[in-house]
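Below is one structure; the comments refer to it alone.
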Amino acid sequence: MTTSPEHYVQEKAAGSGSSFYYAFLFLPPERRAAITAFYAFCREVDDVVDETSDAGVAATKLAWWRTEVQRAFSGEPTHPVMKALMPHVALYQIAPAHLLAVIEGCEMDLQQSRYLDYPGLKRYCHLVAGIVGEVAARIFGQTEAATTAYAHQMGLAFQLTNIIRDVGDDARRGRIYLPIDELKQFDVKAHEILNRGYSERFTALMKFQAERAHQAYDQALALLPAADARAQKPGLMMANIYRTLLREIEAAEFQVLHQRISLTPVRKLWIAMKTNWRGR
C-alpha cells in the first residue's frame with residue numbers, strides 16, 4: 001500500500017517523539033499541515049547525519065537533498081516530504097534558501113565535531129535552529145518583521161538546551177559541541193566527557209552553559225512583539241517544554257553523560273495545554 005505524502009510527514013513528525021509535535025496539535029489544519037511537512041524535512045536531513053555511519057555516504061545523501069530542493073521549487077518534487085511541503089511554500093514565504101541552510105547546518109556535523117568558541121557554535125545553531133525558528137514563525141502566523149529576531153533567538157535557546165541534554169549521546173558519536181575555549185576555561189578535558197567522567201569542574205561548565213541558555217530564552221521573549229504573541233503561541237509552548245527540560249537537567253545536577261534526561265509525553269502535552277490556556 002502506498003502512503004500519501006501527508007501521511008508520510010505525519011508519521012515522521014509524530015514518530016520523532018519531539019516536543020515540537022505537541023505544539024503542532026493546537027494549530028488549525030492548514031498551518032498544522034505546513035509545519036508538519038517542514039518539520040519532517042528537518043528530521044529527514046538531520047537523520048542523514050545521525051543514522052549514516054559513513055561520512056562519505058551521508059555527504060552524498062545531503063547533496064541529493066540539495067538537488068531535491070531545487071527540483072521541488074522547479075515544480076518537480078520526488079520525495080514525499082517535498083511533495084507534502086510544496087503546496088505551502090508560497091503562502092508562508094518559504095524559500096529554497098531556508099531549506100538549503102538547514103542542509104548546510106547538517107553538513108557542518110560531517111565536517112567538524114568540535115567548536116573552537118561560542119561564535120563558531122552560534123553559526124551552527126543559526127543554521128540548524130535559527131532558520132527553523134524563522135520558518136516556523138511564518139507558518140504560525142507572523143505579522144511583525146521584528147518577530148524574526150525573536151524566532152532566531154528562541155531557536156538558539158532550543159539548540160543550546162539540546163546540546164546540554166545530549167552531551168553524553170553526542171560524545172558517543174565522537175562529537176563535543178561545548179566550545180573548546182570554555183572546556184579550557186573550566187579545566188574539563190575532552191577525554192573526560194568521552195569517558196563519562198563527572199567532576200565539580202564539569203558541573204561548573206554545565207552551569208555556565210545552562211545560564212547562557214536561560215539568557216537566550218529571556219532575550220527571545222523580550223524580542224517578541226505583543227501583536228504576534230497570540231499567533232506565536234505554539235513557539236511559546238515549545239519554549240515552556242524546553243525550559244522545563246532545562247530545569248530538570250539542572251535539578252539532576254547535569255547527570256547527562258550516562259543518560260538522556262527527558263520529559264514524559266503526558267508532561268509535554270500538559271505544558272502545551274497550560275500554555276494554550278494561559279497564552280504564554
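The values are calculated or read from the model by the stated rules, or taken from the named source; none is laboratory data. If you're wondering where the values come from, they're calculated on a predicted model, not measured in any experiment. A quick note on method: Cβ atoms are made from the backbone with ideal geometry, for glycine too, and the neighbour counts reach across all protein chains shown. Calculation scope for accessible area: heavy atoms of the full protein, side chains included, ligands and nucleic acids excluded. Shrake-Rupley method; radii C 1.70, N 1.55, O 1.52, S 1.80 Å.
Structure values in brief
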| read-out | value |
| --- | --- |
| J(HN,Hα) series, the range 96-112, from Karplus relation 6.51 cos²θ - 1.76 cosθ + 1.60, nearest Hz, glycine and proline x | x, 4, 4, 5, 5, 5, 4, 4, 4, x, 5, 5, 4, 5, 7, 8, 8 |
| Share of pairwise Cα separations in the chain, more than 26 Å, in percent | 43 |
| Among Ala129, Ala145, Ala95, residue whose mean-square fluctuation peaks in a GNM of the chain (springs only between Cα atoms under 10 Å) | Ala145 |
| Cut-off 18 Å, label 7 Å out along Cα→Cβ of Lys122, residues of the range 195-234 by amide N | 208-224 |
| Over the range 1-57: Rg over Rh, Cα atoms, Kirkwood Rh | 1.04 |
| Cα-based radius of gyration of the range 90-233 once divided by 2.2 N^0.38 Å, which approximates compact folds | 1.15 |
| Above-threshold pairs, the threshold being 23 Å between Cα atoms, out of Lys207/Lys233; Lys122/Lys207; Lys12/Lys61; Lys233/Lys274; Lys61/Lys122 | Lys207/Lys233; Lys61/Lys122 |
| The range 1-102: C-alpha pair distances exceeding 16 Å, % | 57 |
| Residue-span extension gain [Arg196 to Glu211] - 0.36 nm each, minus C-alpha spacing | 3.2 nm |
| Protein-only accessible surface order, largest first, of Lys207, Lys233 at 1.4 Å | Lys207, Lys233 |
| Most to least accessible of Arg165, Arg201 (protein chains only, probe 1.4 Å) | Arg201, Arg165 |
| Charge sum, other residues only, whose C-beta stays under 15 Å from Thr143's C-beta, Lys/Arg counted +1 and Asp/Glu -1 | +1 |
| Within a Gaussian network of the chain (alpha carbon springs, distance under 10 Å), most fluctuating of Ala101, Ala59, Ala251 | Ala251 |
| Partner aspartates and glutamates for Lys83 [C-alpha distance under 17 Å; skip if fewer than 8 residues away on the same chain] | Glu6, Glu11, Glu30, Glu44, Glu68 |
| Crossing angle, helix 147-165 versus the chain [Cα axis fit, 0-90 degrees, rounded to tens] | 50 |
| Binned Cα-Cα distances of the range 63-140, short to long, each 10 Å bin given as a whole percent | 17, 46, 28, 9, 0 |
| Computed [θ] at 222 nm, helices only, for the chain once each DSSP H run of length n ≥ 4 contributes -39500 (n - 2.57) | -22000 deg cm²/dmol |
| Full-stretch length increase - Asp47, Ala59 - with 0.36 nm per residue and alpha-carbon distance subtracted | 3.1 nm |
| Cα-Cα separations in the range 213-280 greater than 20 Å, expressed as whole percent | 36 |
| Local net charge near Val9, Cβ-Cβ under 15 Å (Lys/Arg +1, Asp/Glu -1) | -2 |
| Rg and Dmax [Cα atoms of the range 130-202; Å; Rg one decimal, Dmax integer] | 16.5, 48 |
| Computed label-point distance, nm, for sites Ala229 and Gln111 using a 7 Å Cα→Cβ extension | 4.1 |
| Ala95 paired with Gln259, simple spin-label distance in nm, labels 7 Å along Cα-to-beta-carbon | 4.6 |
| The chain: most fluctuating residue of Val188, Val57, Val128 per GNM, C-alpha cutoff 10 Å | Val57 |
| C-alpha long axis of helix 5-15 to longest principal axis of the chain, angle in ° | 20 |
| The chain: relative contact order as a whole-number percent, Cα under 8 Å and 6+ apart | 20 |
| Accessible-area value, His98, 1.4 Å probe, nucleic acids and ligands omitted, Å² | 20 |
| Largest to smallest accessible area among Lys268, Lys122, Lys274 [probe 1.4 Å] | Lys122, Lys274, Lys268 |
| Normalised per residue, the volume of the convex hull around the Cα set of the range 179-250 (Å³) | 100 |
| Carbon/sulfur fraction of accessible area - the chain, other protein chains in place, 1.4 Å, % | 53 |
